[in-house]
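A quick write-up on the structure given underneath.
Please treat every number below as a calculation from the coordinates, not as lab data. Fair warning: this is a prediction, and the values are worked out from it, not measured in the lab. Reconstructed Cβ throughout: ideal geometry from the backbone, glycine too, with neighbour counts over all protein chains shown.
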Amino acid sequence: MRTAGSATSFKNNFDKLTNIDKLRDINVVNLRLDYTFDYEPLSLKEGKVFFVVDNIFDKKYAYSLAKNSSGQRAFYYMPGITFMLGMDLKF
């Protein structure tokens, strides 16, 4: 079991990062539109229909950085523009 102060703690499992390992600053724009409603015949209260667009401007960016076993940097790239349509229902 690992403890916060031990040499094998989570914090100590990473190589020392340098300026070359830092990711550049990013700005990502997301949008969410909700429409709430009630529908008495079905005893539906607080129904919600929503539409979501993530990464509206299709920004290319990496979420985090890791080093593989050979010491090379590996980036975890995030998806481009994505859409979601959904519904929340409360009876």
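Projecting the Cα atoms of 56, 27, 76 onto the dipole axis of the stretch 14-90, where Lys and Arg carry +1 and Asp and Glu carry -1 at the beta carbon, places 76 farthest toward the positive end. Applying the Karplus relation 6.51 cos²θ - 1.76 cosθ + 1.60 with θ = phi - 60° to the stretch 57-64 yields 3J(HN,Hα) values of 8, 6, 5, 8, 7, 9, 7, 8 Hz, where x marks Gly and Pro.
In the neighborhood of residue 37, defined by Cβ-to-Cβ distances under 12 Å, what is the net charge if each Lys or Arg adds +1 and each Asp or Glu adds -1? Local net charge: -2.
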